Every structure is written in structure tokens, then in C-alpha cells.
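**Student:** Sharing a structure below in C-alpha cells format, with a few things to ask.
Derivation of every value follows stated rules applied to the coordinates shown; laboratory data play no part. Quick caveat: nothing in here was measured; it's all calculated off a predicted structure. Positions of Cβ are generated from backbone atoms using ideal geometry, with glycine treated the same way; all protein chains shown enter the neighbour counts.
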Amino acid sequence: MFKRLSLAVAMSTVAAVPAFAHLDPLEHGSIAAGLSHPLFGADHVLAMVAVGLWAAQIATDPNRRQALWLVPAAFVAMMVLGFGLAVAGAPLPFVEPAILASVMGLGLLVALAVRVPVAASAAVVGIFALFHGYAHGGELGSAAALQFGLGFAVATAFLHLIGVGLGMRTARLAPAIGRFAGAATALAGLSLAFGG
């Protein structure tokens, strides 16, 4: 009971952290700014943990164990590509709506425990990741692109790892918990979309 309460309090605290938590690259360095960037945006945290949860759900099929690393790796790779597009000044429309759609869509995929071939799931998360990466690139500011990109790629992989860990644990003990987390993610995305 205490563990569940602690987890709920921790998740509430992270969700309540204001946007000022992004570190100033001039003061803290570009890598630190990149590391902090995905960790303090509820939309990014929710989507990235959901990627890990979904990968773990797909990997419950013994023939699809590679989803544990391939789905998160596809997200990180496409996110870096999106970042590169933003840094290069290439246009990409509907970035913010696509990010909110990713939170809702990934949440629903987890809530419904949708199991598709690994390549298809990697393609789905890759499309969403392109927009997340582009948003990171749009917020580069005074940070050095390479260091900032490395920082947010590492932070993203860490969030995926948390999702995979939670997903693997709930898949064994209580699959309904993972599905509930997906539904909560989708609702949070809806709230972000309509709550500003």
C-alpha cells in the first residue's frame, strides 16, 4: 500500500513541476539543459513512458521480445531526426497537436493492450517521435545542438526504460494496472489538449 501511495505522490509531483524547470544552457551547460528538457514537460513524460509500457505489452508475446528494445530505439532515432529537421529550419506543421495526439494515442494503445507486429509499432512511435524531436529542436535556444540533443536522447531513453520496467512488472503481476496507466495517460493527454 505504501509503495502505491509513494508512486502516486511521485507521479503527481512530477506532473505538477512548472515549465521553468528547463535548465538554462548558459548557466548549467547544454547537456544538462538537454537532459532536463523531456523530464519537465508532462506531454513528453507521458508519451515516453507510454512507449515503454506499450513495448513491454507487445513483448509478452515470446515471438516479439525484440519490441523491448526496438520500439524505444525507433522512438529515439526518429526523435533525433525530428530535432535535426528543426535545427536545419525545415518546416513541420501541426507539431503541438501531434504531440498531444501522441499522448492520447499511445495511452489508448496501452489501455487497449494493442498488439501489432514490432515493425508496425516501431513505425507508429517513430511518427510521433518526429514531432517530439522537432519540438525539442524548436526550443534549442542558446544551447549547443549536439550536446543538447545528446542530453534529451539520454533522458528519453531513461523514460522509456522506466516504462518498460513498469510494463514488464505489471504484465506479470497485474496486467490491468498497465492498461489503467494507459487509460490515465490518454485522459491526461485529453486534459492537456483542452486545458491549455
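**Student:** Efficiency by 1/(1 + (r/R0)^6): what FRET value for SER191 and ALA144, r their Cβ-Cβ distance, R0 = 35 Å, to the nearest 0.05?
**Tutor:** On the way: r = 35 Å, r/R0 = 0.99.
The computed FRET efficiency comes out at 0.50.
**Student:** Sticking with this one: So, in Å, what gap is there between the alpha-carbon centers of the stretch 44-96 and the stretch 98-135?
**Tutor:** So the separation of the two Cα centres works out to 7 Å.
**Student:** So, one more: Taking a point 7 angstrom from the Cα of LEU161 along the C-beta vector, which residues in the stretch 64-80 have backbone N less than 17 Å away?
**Tutor:** Answer for the stretch 64-80: 68-77.
**Student:** Percent relative contact order of the stretch 27-195, based on C-alpha pairs within less than 8 angstrom and at least six residues apart? Write down the numbers at each step before the final one.
**Tutor:** Values: 294 pairs, mean separation 72.4, N = 169.
This gives 43 percent for the stretch 27-195.
**Student:** When a/c reaches 1.5 or more, the comparison of a/b and b/c decides; with that in mind, is the stretch 155-196 rounded, prolate or oblate per its Cα gyration tensor? All intermediate terms of the calculation are to be shown ahead of the outcome.
**Tutor:** Numbers: a/c = 5.87, a/b = 1.46, b/c = 4.02.
It is oblate, given that a/c is not under 1.5 and a/b is not larger than b/c.
**Student:** Using the count of nearby Cβ atoms within 10 Å as a rough guide to exposure, how do SER142, SER30, SER102 rank from fewest to most? Kindly include the intermediate steps, with their values, before the conclusion.
**Tutor:** Working: SER142 10, SER30 22, SER102 27.
Fewest-to-most ranking of SER142, SER30, SER102: SER142, SER30, SER102.
**Student:** Got a sec? Which residues in the stretch 125-150 would a label at LEU112 touch, if it sits 7 Å along Cα→Cβ and we count backbone N under 17 Å?
**Tutor:** Answer for this model: 125, 128.
**Student:** A follow-up question, please. Kindly write out, for the stretch 141-154 in residue order, the coupling ³J(HN,Hα) from the Karplus curve 6.51 cos²θ - 1.76 cosθ + 1.60 (θ = phi - 60°), rounded to whole Hz, with x marking Gly and Pro.
**Tutor:** Karplus values, whole Hz, x for Gly and Pro: x, 8, 6, 6, 4, 5, 5, 4, x, 4, x, 6, 5, 5.
**Student:** How charged is the neighbourhood of ASP61? Take every other residue with its Cβ under 15 Å from the Cβ of ASP61, and add Lys/Arg as +1 and Asp/Glu as -1.
**Tutor:** Working: positive: ARG64, ARG65, ARG115, ARG172; negative: none.
Once positives and negatives cancel, what remains is +4.
**Student:** Going by how many other beta carbons lie within 10 Å of each one, how would you line up THR170, THR156, THR185, fewest first? Working shown, then result.
**Tutor:** Details: THR170 19, THR156 29, THR185 25.
Neighbour counts put them in this order, fewest first: THR170, THR185, THR156.
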